[in-house]
Amino acid sequence: MARLKVENLSFSFGYETILDDISFEVNEGEVVSIVGPSGGGKTTLLRLCAGLLDRQEGKIENSFETQSIAFQDPRLLPWKNTLDNISFGLKALGVPTKERDARAREIALQFDLEESDLTKFPKELSGGMSQRVSFARALVTKPKLLFLDEPFSALDIGLKRELQDHVMRLIDKKEITIFFITHDIMEAIRLSDKILLLAPDPGHIVKIFEFDKPQAERNDEYVYAETAKILSDREIIETFELELK
Amino acid sequence: MKSLLKILRDFPAYLWSGWGALASIFLFIAAWEIGNQVYGDLILPSPLETFQTLGALFGDSEFIENLMITLKRAMVGFGVSLVLGTALGLLAGFFVTASIVSRPIVTILMGMPPIAWIVLAMIWFGMGDATVEFTVIVASLPIVFVGALQGTRTLEDKFEEMADIFKVPKMMKFFDIYLPHIFSYVFPAWVAALGMAWKIVVMAELLATSDGLGAALAMARSQLDTATALAIVVAMVGLLMVAEYIFLEPIKREVEKWRD
Ligand SMILES: Nc1ncnc2c1ncn2[C@@H]1O[C@H](COP(=O)(O)OP(=O)(O)OP(=O)(O)O)[C@@H](O)[C@H]1O
Ligand SMILES: [Mg+2]
């Protein structure tokens, strides 16, 4: 079974320690999310796991065959239209033009983009549209391991729900493993098997929350109840500096 | 190929948008006519006379020969600048040290007045093709060089990272990530360099050769033939405008359509 295993990982940019002694595991078919304050080192941790930054101390074992990322900023190529941006990863894999256009179009329409949006350049897209294009680009290659860095932050609640449901179907079919950064606790509870709480200065994992109920069976009551529980957790309150009234 | 078709398809709409430009040209000619009536034919021949002289010039084989000589010199100089400037600029852009070293040299080249180059070139190469071509190259090459350098220096790491995640092969990385970005810097530099080449070639000819449009201009001046001098100027400006607005501008629009 493929897995991503991080052991005693520490990382600094120059003299500033960003991550300190991080250990966790993501097993095949799991969804693991990280929550934590802004600037805490979440994106840095994700880049390390994806092999985009050189590891300094500790161990990272990543045995997934294929992986992709939806970055925090959409990173669409400004000179390519929507369709070509989505199919970019497929082109890199050598998929023939016709097939990759068809697959890109299919997923774009699934994500509520219009036919007319497909020929637009990134400058003509709204923030939420760009985010959906970026998410589609990451998903369309059918990666075994998917890294998501706040992929739904610019979407309205309806669209957010729709894309979460899409992810949920993939999880249900055990087609994908996800490592997921989010600022939305409810989203994390809906989708994750494990939530890592990353406290800053330097980034370290304070607590791991585990959820056993299968994602498909998590209804709104469950999500609300768990959210309330987590929001009253002492570590969460301290990490996010929530003042309770 | 696809973009070439697109350029051709957009061409009529582009021409239509040229009415404004045409109107302003006519306004300019009207002002010229007034100038003629105020100052007289010797100082400023009328537009009609000038265009008639121009028509006669195009029937004159000696003028056509001069025109071809000038075109050839400009194209040789511009071609060398284009190829060498782009290649060197890319090279310097990809190596940090090279870009640091080349900066002051480029500043010197750009700051040096072309007339000084002409004088030096006349000493080094005598009167003839080499002097003109050399001057054109030193004046326009730095422009291309800087364009290519900037295009390469401003390549964004975030796209590089994105490409790495998708395991993009080297060739595709070059054509899909580097080239579009660099080209959007290099192409305007090519256009600017072409304009520069055209100006410098005439100036150098006027001082350093006995043939070409510049020499013809010098001849017209010495004979106080203002109409011919003006007609030559009109021919030079007209040719540059044709090159810019008929060929270069549509390409530029297509290439930069994705820009904000
Ligand atoms: N390339 C870099 N060079 C130097 N410092 C960096 C770099 N990238 C990030 N940092 C620093 O690392 C720290 C963590 O940044 P990171 O992007 O990982 O935070 P984050 O948890 O993802 O925040 P957010 O939730 O706001 O996205 C910050 O203090 C940031 O200034
Ligand atoms: Mg981040």
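Simple point charges give the picture: +1 on the Cβ of Lys and Arg, -1 on the Cβ of Asp and Glu, and for segment B:57-257 a dipole about the Cα centre of about 460 debye.
Normalised by the number of residues in chain A, the average gap of Cα pairs under 8 Å and 6 or more apart makes the relative contact order 27 percent.
For segment A:84-116, a decrease in accessible area of 30 Å² or greater in the assembled protein chains relative to the isolated chain, with a 1.4 Å probe, applies to A:Phe88, A:Lys91, A:Ala92. Ordering B:Met236, B:Ala192, B:Gly35 by Cα displacement along the dipole of chain B toward the positive end leaves B:Ala192 in first place; charges were set at the Cβ atoms of Lys, Arg (+1) and Asp, Glu (-1). As a length-normalised measure over Cα pairs under 8 Å and 6 or more apart, the relative contact order of chain B settles at 26 percent.
Note on segment B:171-198 and segment A:1-41: Cα centroid distance 41 Å, given to the nearest whole angstrom.
Spatially, segment B:107-149 and segment B:29-94 are offset by 19 Å when compared through their Cα centroids. Rounded to the nearest whole Hz, the Karplus-based 3J(HN,Hα) values (6.51 cos²θ - 1.76 cosθ + 1.60, θ = phi - 60°) of segment B:133-144 follow the sequence 4, 4, 4, 4, 5, 5, 7, 9, 4, x, 4, 5, with x at glycine and proline.
Let me confirm one metric for peptide A:136-146, namely the mean number of other chain beta-carbon atoms within 10 Å of its residues' beta-carbons. Could the numbers behind the result be given before it?
Details: counts 0, 2, 3, 0, 0, 3, 0, 2, 0, 0, 0.
So the per-residue partner count for this stretch is 1.
Computed with a 1.4 angstrom probe on protein heavy atoms, the B-A interface buries about 2100 square angstrom of accessible area in total. Would you mind classifying chain B by shape? Square roots of the alpha carbon gyration tensor eigenvalues, ordered a ≥ b ≥ c; an a/c under 1.5 is rounded, otherwise it is prolate if a/b is larger than b/c and oblate if not. Oblate shape, in that a/c is at least 1.5 and b/c is the bigger or equal ratio. Other protein chain C-beta atoms within 10 Å of residue C-beta, averaged over B:163-174: 5. Among the GluC sites (Glu not before Pro) found in segment A:141-231, those both in a DSSP coil and sparsely packed, with 15 or fewer other Cβ atoms within 10 Å of their Cβ, are A:Glu175.
Give me the net charge of B:Val132's neighbourhood, meaning all other residues with Cβ under 15 Å from the Cβ of B:Val132; Lys, Arg count +1, Asp, Glu -1.
With Lys, Arg at +1 and Asp, Glu at -1, the neighbours total -1.
With 40 Å² as the minimum drop in accessible area between chain alone and full protein complex (1.4 Å probe), the qualifying residues in segment B:232-260 are B:Lys257, B:Trp258.
Of the accessible area of segment B:76-182, computed with a 1.4 Å probe over protein heavy atoms only, carbon and sulfur atoms account for 76 percent. Farthest toward the positive end of the dipole of chain B, out of B:Leu48, B:Ala23, B:Thr226, is the Cα of B:Ala23, where the dipole comes from beta carbon charges about the Cα centre. The Cβ shell under 15 Å around A:Thr239 holds other residues with a net charge of -4, Lys and Arg each +1, Asp and Glu each -1. Along segment A:52-62 the Karplus relation, 6.51 cos²θ - 1.76 cosθ + 1.60 evaluated at θ = phi - 60°, assigns HN-Hα couplings of 8, 10, 7, 5, 9, 9, x, 10, 10, 10, 10 Hz to successive residues, with x for each Gly and Pro. Under the convention that each Lys and Arg Cβ holds +1 and each Asp and Glu Cβ holds -1, the size of the dipole of segment B:45-164 around its Cα centre is about 320 debye. In the full protein context, segment B:181-260 carries 46 Å² of accessible surface per residue, based on a 1.4 Å probe and ignoring ligands, DNA and RNA. Give the relative contact order (percent, whole number) for segment B:58-170; include only Cα pairs under 8 Å separated by 6+ residues. Computed value for segment B:58-170: 40 percent relative contact order.
Sorting B:218-231, B:126-139 by their mean Cβ neighbour count within 10 Å, with the most densely packed peptide first, gives B:126-139, B:218-231.
Accessible surface area normalised per residue over segment B:103-174 is 50 Å², counting heavy atoms of protein chains with a 1.4 Å rolling probe. Per-residue ellipticity at 222 nm, computed for chain B from helices alone with -39500 (n - 2.57) per DSSP H run of at least four residues, works out to -27000 deg cm²/dmol. Electrostatic tally near B:Leu42: other residues with Cβ closer than 13 Å to its Cβ, Lys and Arg +1, Asp and Glu -1, net -2.
A 1.4 Å probe run over the protein chains yields, for segment A:66-143, 40 Å² of accessible area per residue, whole-number rounding.
In loop segments of segment A:1-67 as defined by DSSP, the trypsin sites (Lys or Arg not before Pro) with at most 16 further C-beta atoms inside 10 Å of their C-beta are A:Arg55.
Take the alpha carbon gyration tensor of the protein assembly as shown, find the square roots of its eigenvalues, order them as a ≥ b ≥ c, and report rounded if a/c is under 1.5; if not, report prolate when a/b exceeds b/c, else oblate. Prolate, since a/c reaches 1.5 and a/b exceeds b/c.
Taking the charge dipole of the protein assembly as shown about its Cα centre, with +1 at Lys and Arg Cβ atoms and -1 at Asp and Glu Cβ atoms, the residue from A:Thr182, B:Met68, A:Ile69 reaching farthest to the positive side is B:Met68. Counting lysine pairs in segment A:66-143 whose alpha carbons fall under 16 angstrom apart, excluding pairs fewer than 8 residues apart on the same chain, gives 4. Remark: the protein assembly as shown carries a charge dipole of roughly 900 debye about the Cα centre, counting +1 on each Lys and Arg Cβ and -1 on each Asp and Glu Cβ. Excluding same-chain neighbours fewer than eight residues apart, the lysines reachable from A:Lys59 by a Cα-Cα span under 26 Å are A:Lys5, A:Lys42, A:Lys144, A:Lys194, A:Lys207, B:Lys158, B:Lys167. Once the partner protein chains are put back, segment B:142-162 shows a loss of at least 50 square angstrom of accessible area, versus the chain by itself, at B:Lys158, B:Phe159, B:Glu161, B:Met162 (probe 1.4 Å, ligands and nucleic acids excluded).
The values are calculated or read from the model by the stated rules, or taken from the named source; none is laboratory data. Here the structure is a predicted model, which is why all the values come from computation and not from measurement. Here Cβ is always computed from backbone atoms with ideal geometry, including for glycine, and neighbour counts include all displayed protein chains. Accessible surface is based on the protein model in full, side chains and every heavy atom, while ligands, DNA and RNA are left aside. Shrake-Rupley method; radii C 1.70, N 1.55, O 1.52, S 1.80 Å.
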